[in-house]
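Just so it is clear, none of the values below were taken in a lab; they were calculated from the coordinates. Predicted, not measured: the structure shown is a model, and the values here were computed from it. For neighbour counting, all protein chains shown are included, and Cβ atoms are generated from backbone atoms with ideal geometry for every residue, glycine included.
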Amino acid sequence: MTVVAVVGSQWGDEGKGKVVDLLTDAADLVVRFQGGNNAGHTLVVGGESYALHLVPSGILHPGKRALVGNGVVVDPDVLIGEIDDLAARGVEVTPGNFTVSASAHVIMPYHRMLDGARERPPAGDCAGGRVVIGTTGRGIGPCYEDKASRQGLRMGDLLLPERFSSRAGAALLEKNALFRTLYALPEVGLPELEALRERWAARLAPFIGDARAVLWEALSAGRNVLFEGAQGSQLDIDHGTYPYVTSSTTLSGGACGGAGAPPRSLGKVLGLVKAYTTRVGEGPFPTEVAGPFGERLREAGREYGTTTGRPRRCGHLDAVAVRTAVALSGITSLAVTKLDVLRGLGPLKIAESYRLDGELVRHMPPDIRDLARCEPVYRDCDGFGEDISGARRLSDLPGAARRYLDCLEELCGAPLGLVSVGPERGETVLLEKFF
Ligand code: GDP
Ligand code: IMO
Ligand code: MG
């Protein structure tokens, strides 16, 4: 039995979907444990592109099981849409190969409304202190808030009409007061939510169950389990660039609370590192390049959000951020993606440390006020002009690309496990046997 957790080591969109899909070949079970449909994981198989937001990326492999753990927040309409879209493309999602935890929280329409309203702060004095995060607008934060304040509705509640109605009714008292008094939004009626519950339950009931039990059974039967993280280390609610973060634990440890995995079961942790850095939404980004280099990266890497279509901010690789992720998630090896995108971009740079008040710092400061005063200290690297998408071994890569990887490995502080040189499954240099 091997358990591998795949986590982002930057600000998300590192290519987790591609790598999870690739590793699923040898896995039996693939598990999402946090986040929701703020995630957008793209995989390209046989020239066809699939964008998944909730269903784990392993689903494309016949004969494998996929779980959505209790730590995920689920928008039922998005889940139903994803199941239908996959079916239309010949990928069967059935109760036999897919289970959603009954304890996963439901993203309700009022969560999306609140998310949107908070991102449009009112003008004037009362706007003071409120921050615009640039969220995906999917209701993620408000849903996790209700989970923490114990006002949430869980997937299992969709199957219990009376309990659903009384809990939804109680939640509406507070939400509608906010909509009325603070946000000038229309109130939400209970009958509207009850009708949704009926429709959601009719479609999703066969999938709702005890996902933990499926996981524990797989672990005790010695199966190979793959955890699919969403977002990235720097978007973690505690250790990221707070408040410009998401609302869940994006680190490998999240698989414990978010799926019921015993901590000692986590074997390998694969940290995904895009060969440069991107970020969507607001918040600090020390190695961001606003000029032509950043624009060329965006075009070459097609850096537009899978979920919202927003242009991603682009910049140099930041080894300080990745090194911090290595420490936080216990990353045992690195999967470097999109190395091919750096082709022809000229000389490259990697931030090896930051200068803060005259001192060199090697990890991300925990407070963004300090981060704002950090100046990246760069290591210069040669660029390369060759097309590397056909590389399948390190020795197929040009010298400059290999030196870039050597430098990345040294500065980030973990060994390379694989290098991705294109979006397709096969466009990969595999350096480690994961299962
Ligand atoms: P995720 O959220 O971490 O799963 O990443 P996204 O799917 O949001 O973004 C990664 C994008 O890069 C997707 O469009 C992938 O198809 C693509 N991709 C992944 N690996 C590579 C690679 O090595 N090279 C290139 N050119 N594209 C890649
Ligand atoms: P994947 O799994 C990149 C960002 C949003 C915003 C912040 C908070 O595809 O890597 P939220 O909607 O979660 O409350 O937004 O987090 N964000 C992501 N950025 N990739 C993601 O997921 C993201 N999920 C959330 O842009 O800055
Ligand atoms: Mg993404």
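Values as computed for the structure displayed
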read-out	value
Simple Cβ-charge dipole of region 382-435, Lys/Arg +1 and Asp/Glu -1, about Cα centre, in debye nearest 20	200
Rounded to 5, percent antiparallel among DSSP beta bridges of the chain	40
0 to 90° range, to nearest 10: angle between helix 190-204 axis and the chain longest Cα axis	60
For residue 428, distant residues with modelled amide H under 5 Å away	421
Positive-end residue of 30, 219, 247, charge dipole of the chain with Cβ unit charges	219
Value of D in µm² per second that Stokes-Einstein yields for the chain, Kirkwood Rh from Cα pairs, at 10 °C (1.306 mPa s)	71
Karplus-derived 3J(HN,Hα), 6.51/-1.76/1.60, for each residue of region 14-28, Hz, glycine and proline x	7, x, 4, x, 4, 6, 4, 4, 5, 6, 4, 3, 9, 9, 9
Cα long-axis angle, helix 109-118 against the chain (0 to 90 degrees, to the nearest 10)	50
Residue 92 versus residue 1: modelled label distance in nm, points set 7 Å from Cα along the beta carbon direction	2.8
Over region 105-206: Kirkwood hydrodynamic radius from C-alpha pairwise inverse distances, Å	14.5
Whole-Hz ³J(HN,Hα) from phi, Karplus 6.51 cos²θ - 1.76 cosθ + 1.60, for region 166-179, glycine and proline x	5, 6, 5, x, 5, 5, 5, 3, 6, 5, 5, 4, 5, 4
Helix 399-412 vs. the chain, principal-axis angle (Cα, 0 to 90°, nearest 10)	60
Most to least packed among 375-383, 348-356, 155-163, 336-344 [average Cβ atoms within 10 Å]	336-344, 348-356, 155-163, 375-383
Relative pair counts by distance (%), Cα atoms of region 317-432, 10 Å bins	14, 41, 31, 13, 1
Region 1-116: C-alpha gyration tensor shape, a/c 1.5 cut-off, then a/b vs b/c	rounded
Spatially proximal lysines relative to residue 18 (Cα-Cα < 24 Å; intrachain offsets below 8 disregarded)	64, 268, 274, 338, 433
Size of charge dipole - the chain - debye, nearest 20, with Cβ of Lys, Arg +1 and Asp, Glu -1, no other charges	340
Under 5 Å, built H, 5+ apart or other chain: amide partners of residue 289	314, 315, 316
Check: region 32-168 dipole with +1 on Lys, Arg Cβ and -1 on Asp, Glu Cβ, in debye	360
Set of lysines with alpha-carbon distance to residue 147 below 22 Å, sequence-local pairs under 8 removed	175
Contour excess over end-to-end distance, with Cα ends at residue 183 and residue 217 and 0.36 nm allotted per residue	7.5 nm
Amide H contacts under 5 Å for residue 377, placed H, 5+ residues apart	352, 353, 354, 355
Distance between region 172-221 and region 265-306 - C-alpha centres, whole angstrom	33
